[in-house]
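**Q** Dumping the structure here so I can ask a few things about it.
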Amino acid sequence: MQHISLVTPEFAARRALRANSTCPQLWSTLDSVFDPELPHVTIWDLGILVDVQQQDEKRCKVTVSPTYSGCPAIDVISEDIVSALNGSGVEHVEVAVSLSPAWNTDLISPAGKAAMLSQGIAPPDKSVNCPQCGSEHTSVISQFGSTACKALYRCNDCLEPFDYFKEF
Amino acid sequence: MNKITNSALYSYLLGMADDALILGQRTSEWCSRGPFLEEDIALSNVALDYIGRARMFYQYAAEVEGLGRTEDDLAYFRDERDFSNLLINELPNFDFAFSIVRQYFLDVHACLYLAQLTSSTDQRLSAVACKAIKESRYHLKRSQTWVLQLGQGSDESQRRMQSAIDELWGYTPELFIMTESETALLAQGIAVNREDLLQDWTKSVMADMKNSNLQIPDQQWKVIGGREGEHSEHLGHLLSQMQILQRSYPGLTW
């Protein structure tokens, strides 16, 4: 079994913010929005969904934070957010991109890390373990993998190559 | 903000944006031409980080300018003489060694520069720096590893690395020259004093060179002028390729 780290203080703070929100239904709606390059991880679980504020019945503002400066997914994510909220009756959706505080991997939820693992991606952790066989004997093939947020690794025991979501 | 600060901030932001865009565009030329697949992807990802950085600076510059121009206008509809990037960014890739040495010199510089910029009194610049410095530290890990590997590698890789260093060395002094805008913004805690970074930069580079069996040349020549729009013959070609679609079909979108 792979070890999944406990809740980080950063994620606990996000969870508290969401729990105290006056518009829990909008957060729930956004649980249907996934990162286009990590199809099983929602924007909430990935930590890029920063805040949701409802102005009135027809109007809300969503704040997101990009993983990397050049992340090409952020435009698609914004469109997906607008379309999800439009679909649940909120007509006017403003998506703001915030850089500060900068996104980091401590913001990822335990569910997000588990979802990565289920897809064969090693989640960010102190040691990079093979998502297939759990071995700790792994080595880096390339510091960049299929996207900017991942590095390419190889398991020295089962010999499978795999993506590692970089600790950042 | 008063008018003088505003115009200084605009040219400062434009310089930073042009540096990032031109290096990003240049590095993206490796896409599909990398020496092997993983390296191809790595180079493309580094390029992408720079394009992202350029966008943040251009968006800010466009707002400061306040004439209704957008980030795309600034990237696609300015001519060669209006670009104020430092010359090292526009030099062609030549070979893999050249691109790696350039990236390494710039990564060491970016890590020092952005560390200072994180405490800028301008909150937006500080936020951009907090984001970008993590990327640059990651870039440096990679470029530094390559410098060591290729410097200590075969006779051929060592020769190519040394020749890249000899060629690029004269373009590094420009990284430490303050513009008038930067000096004005430094007084207000907005910009970073480039001159202060030279000592640490040289120390880091010399240590890595020593470990890599590579020499820093003792030549005294330097090439400057990028910030004033005086460029090498290479920038025009880069711009023509980058700008042709928007120039031919203004307003074109994907």
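Read the figures in this text as sums done on the coordinates, not as results from a lab. It should be emphasised that the depicted structure is a prediction, and the values quoted were computed from it without experimental measurement. Ideal geometry is used to build each Cβ from the backbone, glycine not excepted, and the neighbour counts take in all protein chains shown.
**Q** Which of the cysteines found in chain A have nothing to pair with, since no other Cys Cβ lies under 4.7 Å from theirs?
**A** Singleton cysteines: A:Cys23, A:Cys60, A:Cys71, A:Cys149.
**Q** Please report, in Å, the Rg and the Dmax of chain A, where both are computed over Cα atoms only.
**A** Just the Cα atoms of chain A yield Rg and Dmax of 16.9, 56 Å.
**Q** Can you tell me which of A:Asp125, A:Asp157, A:Asp56 moves the most in a GNM of chain A? Springs connect C-alpha atoms under 10 Å apart.
**A** A:Asp56
**Q** Let me spell out the model: positive unit charges on the Cβ of Lys and Arg, negative unit charges on the Cβ of Asp and Glu, origin at the Cα centre of region B:66-131. What dipole size does that give, in debye rounded to 20?
**A** 260 debye
**Q** Could I ask something else about it? Could you list which residues have their amide H under 5 Å from that of A:Lys150, counting only those 5 or more apart in sequence or on another chain, with H placed in the peptide plane?
**A** Hits under the 5 Å cutoff: A:Gly145, A:Lys166.
**Q** Oh, and also: Full extension from B:Ile216 to B:Asp95: what is 0.36 nm times the residue separation minus their Cα-Cα distance, to one decimal in nm?
**A** 41.6 nm
**Q** Need the C-alpha centroid separation for region B:79-114 versus region B:190-245, integer Å.
**A** Result: 6 Å between the Cα centres.
**Q** For B:Phe36 and A:Lys58, what is the calculated FRET efficiency with R₀ set at 35 Å and r taken between the beta-carbons, to the nearest 0.05?
**A** Efficiency, from the Cβ-Cβ distance: 0.10.
**Q** Within straight cross-link reach of A:Lys126, meaning Cα distance under 17 Å, which aspartates and glutamates are found once same-chain residues fewer than 8 apart are removed?
**A** A:Glu10, A:Asp106, A:Glu136, A:Asp163, A:Glu167
**Q** If you place +1 on the Cβ of every Lys and Arg and -1 on the Cβ of every Asp and Glu, how big does the dipole about the Cα centre of the protein assembly as shown come out, in debye to the nearest 20?
**A** Approximately 660 debye in magnitude.
**Q** Let me ask something else about it. For the charge dipole of region B:20-153, defined by +1 on Lys and Arg C-beta atoms and -1 on Asp and Glu C-beta atoms about the Cα centroid, which residue among B:Leu140, B:Val46, B:Leu21 has the Cα displaced farthest towards the positive pole?
**A** The listed residue farthest towards the positive side: B:Leu140.
**Q** Let me ask something else. Let me have the relative contact order for region A:33-129, percent, based on Cα pairs under 8 Å that are six or more residues apart.
**A** Value for region A:33-129: 32 percent.
**Q** Under a Cβ-only charge scheme (Lys and Arg +1, Asp and Glu -1), can you give me the dipole magnitude of chain B about the Cα centre, in debye to the nearest 20?
**A** It works out to roughly 520 debye.
**Q** Looking at chain A, send over the antiparallel percent of its DSSP beta bridges, to the nearest 5.
**A** Once the DSSP bridges in chain A are tallied, antiparallel ones form about 70 percent.
**Q** Between B:Gln246 and B:Thr202, how many nm apart are label points set 7 Å from Cα along the C-beta direction?
**A** 3.9 nm
**Q** Pop the C-beta distance of B:Glu180 and A:Asn20 into the FRET formula with R0 = 45 Å and round what comes out to the nearest 0.05.
**A** 0.35
**Q** Moving to a separate point now. So how much slack lies between A:Ala114 and A:Ser28, counting 0.36 nm per residue of separation and subtracting their Cα-Cα distance, in nm?
**A** Value of the extension gain: 29.0 nm.
**Q** What residue among A:Ala122, A:Ala19, A:Ala111 has the largest mean-square fluctuation in a Gaussian network model of chain A, using Cα springs under 10 Å?
**A** Ranking A:Ala122, A:Ala19, A:Ala111 by mean-square fluctuation puts A:Ala19 first.
**Q** Collect residues whose amide H, placed 1.01 Å from N in the peptide plane, falls under 5 Å from the amide H of A:Val95; neighbours closer than 5 in sequence don't count.
**A** Sorted by chain and number, the residues that satisfy this are A:Val62.
**Q** How much mean residue ellipticity at 222 nm does chain A get from its helices, if each DSSP H run of length 4 or more adds -39500 (n - 2.57) and you divide by all residues, to the nearest 500 deg cm²/dmol?
**A** It lands at -8000 deg cm²/dmol.
**Q** Further, regarding this structure: Which is the longest run of chain A containing none of the trypsin sites (Lys or Arg not before Pro) found in DSSP loop states (not H, G, I, E, B) with at most 14 other C-beta atoms within 10 Å?
**A** Segment A:59-125 is the longest.
**Q** Further question: Under the rule that an exposed site lies in a DSSP loop and has at most 10 other Cβ atoms within 10 Å, name the longest stretch of chain A with no GluC sites (Glu not before Pro) of that kind, not counting the sites themselves.
**A** Result, exposed sites excluded: A:92-168.
**Q** If a/c stays under 1.5 just call it rounded; otherwise compare a/b with b/c (prolate if a/b is bigger, oblate if not). Do that for the protein assembly as shown, with a ≥ b ≥ c from the square roots of the Cα gyration tensor eigenvalues.
**A** Oblate shape, in that a/c is at least 1.5 and b/c is the bigger or equal ratio.
**Q** Evaluate the relative contact order of region A:120-165 (contact order divided by residue number), counting alpha-carbon pairs under 8 angstrom at least 6 apart; express in whole percent.
**A** Reported as a whole number, the value is 37 percent.
**Q** Rounded, prolate or oblate: which fits region A:9-106 when a ≥ b ≥ c are the square roots of the eigenvalues of the alpha-carbon gyration tensor, with rounded for a/c under 1.5 and prolate only if a/b beats b/c?
**A** Judged from the Cα gyration tensor, region A:9-106 comes out oblate (a/c at least 1.5, b/c at or above a/b).
**Q** Could you list, in their original order, any pairs among A:Lys166/B:Lys210; B:Lys131/B:Lys210; A:Lys166/B:Lys203; A:Lys113/B:Lys134; A:Lys166/B:Lys131; A:Lys58/B:Lys131 whose Cα atoms are separated by more than 24 Å?
**A** Over 24 Å apart, Cα to Cα: A:Lys166/B:Lys210; B:Lys131/B:Lys210; A:Lys166/B:Lys203; A:Lys58/B:Lys131.
**Q** Given a 10 angstrom Cα cut-off, can you work out which residue in A:Ser109, A:Ser100, A:Ser65 is the most mobile in a GNM of chain A?
**A** A:Ser100
**Q** Please give, to one decimal in nm, the separation of the simple spin-label points placed at B:Lys141 and A:His92, each 7 Å out from Cα toward the Cβ.
**A** Here the modelled spin labels are 4.5 nm apart.
**Q** For region A:99-116, what does the Karplus curve 6.51 cos²θ - 1.76 cosθ + 1.60, with θ = phi - 60°, yield as ³J(HN,Hα) per residue in whole Hz, taken in order and with x for Gly and Pro?
**A** Each residue's phi maps through the Karplus curve to give 9, 10, x, 5, 4, 8, 6, 5, 7, 6, 7, x, 5, x, 5, 5, 5, 4 Hz.
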